[in-house]
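A quick write-up on the structure given underneath.
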């Protein structure tokens, strides 16, 4: 297909009209998009109490194809009972990710067992009975609990609390496979694991770095902010092995001038080799110091380890930097020159930085570069990981991590009068490995696609098949429901964010808390996530630790006492005793307002959330935005880091460095369109190769090839000539290419290296048209 010359623009407008027809009319889609609910897709954030399509700065309309796609998916019709008679696991596995997503909304619980060999509808009562029975049968550390960023703060908090009071710290979320390296890296630099800036800061910058990301496809509403930077005379430096159309030029649909004439985004575009970011960032740092463009007073007064960084940069040779980054000295000097003259600089990045075995070190190197010129700790400048799902950051804030922060641990124990488990807990990959070796027997997934997001898809399927029971809380089907089947698999249909019967909250990547009003359910059958979690917890608590609660006490599970309980421990109990699940009145915790009361008392910076449903005042989480150089570290200073630069991999005669990529028509593992408009690719079973590599490897576009990776092989892959990628590098679509990706992790963040996979190609035969 023909590649467009600009992102956004008229194709985006025409696509909106098409999605409107799918949703039952433009007016129906407009009303849904304008409801007072946070956007369902990326963490850039919009919506909430200012109404849909309004961002934190109050700008309207803020809309992108991702938000339209997610909304229309929730507006589709229901999967009918006869569907399950027609589609067994084999048939579901024959459907593409897009076809699974468009099967319809899940509206009734379904059960798969190895004896049934297919899904069949069951009642909510049977589903609850099976889940509760299994949890009563197992020891807590035989279970794991996985969370998507799609859910609310209330559901996330409630489920992690349930898991811990049940007795396990095997609590983890989808960020382990995306931005965990950002959180770990930022914490080691500033003491806080989130962005140091607000949206307003981005638009005040006179230079924005976009490193290892493609927000034109994956976070399109950021493009308006980059447009504003360019119009004000600022610059955008893009660092990416692929020359992405939307980062070169973007036509912002909500701006008439941009729609008519387009907006040039990148003022400088640098293409390092895959895996060369750490060396490149180090080179920019070295040049800044050698040209004396660094801020010595800031470094001496506000940073730890300046002497060590200065001495280390002096020992790193330019020959090593150039060889390990693949970027010529002149280009490094040009980046440093533009950085040196800028007054306010924001550094943004996505998974092109985090999806490496040295992802945390990449983030630390960005921190070094920012701190060298005092670009953290003042307005209009700072560090900005461009987070993925709409509430992935909030899920982490409310305690979804194996090890709670000490303050959350202490406050949660005190608030509910319990003793929490102190076991280490497992990260996401450790849970997969525990399932594979038989140590784990039960998993519960709050949204997401655990199978689809895993590296080494063959291993992921094998591991999940060994579980006794796997429970999914989902709105639509995905590849996990087809390939991630335990001996017993239960899918529980849940409501979408804008269908919730009670208000919920979400946190953007700018640490901004939004209130979503919810709305009427589109289908009979699905339940609120909070109701589902509380019901399961109440069922397990009814048989758990009975001796700890006196009969008839307020801490029991009498459904009639829910209105009187605030969800906290029963007054009069001795503090510090372990009452397990029965320390909480789970019936009362079906009220999201009561959950917010607990969050306000437990999570630092979230104090205002207790009143948000009453006063409708959305707010910035305190203590995370740094407009002054005072950081939450042991001595108030930021930390600088030194590293050993990794060599460029994949330099063998038949080797390529492969990165997995998302298309313009998908969001995370969800594929809405099989084509990739911005790259001019009409299908997903392809490998993107530079013409130089096609000649070097003696293949051509008429062939199919087998792609051999460290974890497995993909066959019948078509070659797509792609001049926009740096020679020596290649790209394939995620999640289909995950079968190639090894389980090699960043040792600090436990994040897989989806972006640096060494592959070899083997010619197969002529590609047949279909």
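Worth pointing out:
- Residue within the stretch 375-388 that is over 20 Å from residue 198 (Cβ atoms) and surrounded by fewer than 24 Cβ atoms within 10 Å (Cβ to Cβ) present: no
- Residue 347 vs. criteria crowded, with 18+ Cβ neighbours inside 10 Å, assigned by TED's automatic domain parsing to the domain that holds residue 186 and not in a helix (DSSP H, G or I): yes
- For the condition outside the structural domain of residue 757 (by TED's automatic domain parsing), over 26 Å from residue 42 (Cα atoms) and under 24 Å from the mean Cα position of the chain (by Cα), residue 412 does not qualify.
- The one condition in (1) closer than 18 Å to residue 516 by Cα; (2) surrounded by fewer than 23 Cβ atoms within 10 Å (Cβ to Cβ) that residue 596 fails to fulfil: (2)
- Residue among 102, 113 that alone is assigned by TED's automatic domain parsing to the domain that holds residue 496, touching a strand residue (DSSP E or B) at 6+ places or on another chain (Cβ under 6 Å) and either surrounded by fewer than 18 Cβ atoms within 10 Å (Cβ to Cβ) or at pLDDT below 95 (or both): 113
- Any chance residue 608 is in contact (Cβ under 8 Å) with a residue 24 or more places away in the chain and either in a strand (DSSP E or B) or over 30 Å from residue 103 (Cβ atoms) (or both): yes
- If you go through the stretch 492-515 and keep only what is within 23 Å of residue 78 (Cβ to Cβ) and part of a loop (DSSP other than H, G, I, E, B), you end up with 495, 496, 500, 501, 502.
- Within the stretch 70-89, one or more residues are free of Cβ contacts under 8 Å to residues at least 60 places away in the same chain, under 12 Å from residue 482 (Cα atoms), outside any helix (DSSP H, G or I) and out of contact with any strand residue (DSSP E or B) (no Cβ under 6 Å at 6 or more places or on another chain).
- Qualifying residue in the stretch 352-360 (condition: within 21 Å of the chain's Cα centre (by Cα) and closer than 27 Å to residue 301 by Cα): yes
- Some residue of the stretch 91-111 being in a helix (DSSP H, G or I), over 18 Å from residue 492 (Cα atoms) and free of Cβ contacts under 8 Å to residues at least 40 places away in the same chain: yes
- Residue 36 in the same structural domain as residue 21 (by TED's automatic domain parsing), part of a loop (DSSP other than H, G, I, E, B) and at pLDDT 95 or above: yes
- For the stretch 677-700, a residue qualifies if it is under 19 Å from residue 95 (Cα atoms) and touching a helix residue (DSSP H, G or I) at 6+ places or on another chain (Cβ under 8 Å), and the qualifying residues are 684, 685.
- Within the stretch 387-418, the set of residues being part of a loop (DSSP other than H, G, I, E, B) and over 20 Å from residue 172 (Cα atoms) comprises 417, 418.
- With respect to the conditions (1) in contact (Cβ under 8 Å) with a residue 24 or more places away in the chain; (2) surrounded by fewer than 17 Cβ atoms within 10 Å (Cβ to Cβ); (3) closer than 30 Å to residue 195 by Cβ, residue 65 falls short on a single one, namely (2).
- Restricting attention to the stretch 272-298, the residues that are part of a helix (DSSP H, G or I) and either without any contact (Cβ under 8 Å) to a residue 24 or more places away in the chain or farther than 29 Å from residue 355 by Cα (or both) add up to 4.
- Any hit, the stretch 52-59, residues being part of a loop (DSSP other than H, G, I, E, B), within 21 Å of residue 684 (Cβ to Cβ) and under 24 Å from the mean Cα position of the chain (by Cα): no
- Taken over the stretch 202-216, the criterion of being buried (at least 23 other Cβ atoms within 10 Å of the Cβ) and either farther than 27 Å from residue 661 by Cα or within 18 Å of the chain's Cα centre (by Cα) (or both) is satisfied by 205, 210, 211, 212, 213, 214, 215, 216.
- Some residue of the stretch 483-494 being surrounded by fewer than 21 Cβ atoms within 10 Å (Cβ to Cβ), under 23 Å from residue 169 (Cβ atoms) and not assigned by TED's automatic domain parsing to the domain that holds residue 745: no
- Going through (1) surrounded by 15 or more Cβ atoms within 10 Å (Cβ to Cβ); (2) assigned to a helix (DSSP H, G or I) one by one, residue 311 falls short only on (1).
- Residue count for the stretch 122-137 satisfying the condition of being surrounded by fewer than 19 Cβ atoms within 10 Å (Cβ to Cβ) and touching a strand residue (DSSP E or B) at 6+ places or on another chain (Cβ under 6 Å): 1.
- Filter result for residue 582 (modelled with pLDDT of 95 or more and assigned by TED's automatic domain parsing to the domain that holds residue 418): no
- Under the condition of being buried (at least 24 other Cβ atoms within 10 Å of the Cβ) and either on the phi > 0 side of the Ramachandran plot or in a helix (DSSP H, G or I) (or both), the residues counted in the stretch 167-181 number 6.
- Unique residue being modelled with pLDDT of 95 or more, surrounded by fewer than 23 Cβ atoms within 10 Å (Cβ to Cβ) and assigned to a loop (DSSP other than H, G, I, E, B) when the list is 563, 554, 568, 524: 524
- When residue 131 is tested against the conditions (1) at pLDDT 95 or above; (2) in contact with a helix residue (DSSP H, G or I) (Cβ under 7 Å, 6 or more places away or on another chain); (3) not in a helix (DSSP H, G or I), the lone failure is (3).
Residues checked against (1) in a helix (DSSP H, G or I); (2) within 19 Å of residue 64 (Cβ to Cβ); (3) more than 21 Å from the chain's Cα centre (by Cα):
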site	(1), (2), (3)
186	yes, no, no
193	no, no, no
226	yes, yes, yes
254	no, yes, yes
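- Residues in the stretch 716-742 that are surrounded by fewer than 19 Cβ atoms within 10 Å (Cβ to Cβ) and at positive phi: 716 alone.
The values are calculated or read from the model by the stated rules, or taken from the named source; none is laboratory data. Computed from a predicted model, the values in this text were never measured in an experiment. Cβ coordinates were reconstructed from backbone atoms using ideal geometry, including for glycine residues, and neighbour counts include every protein chain displayed.
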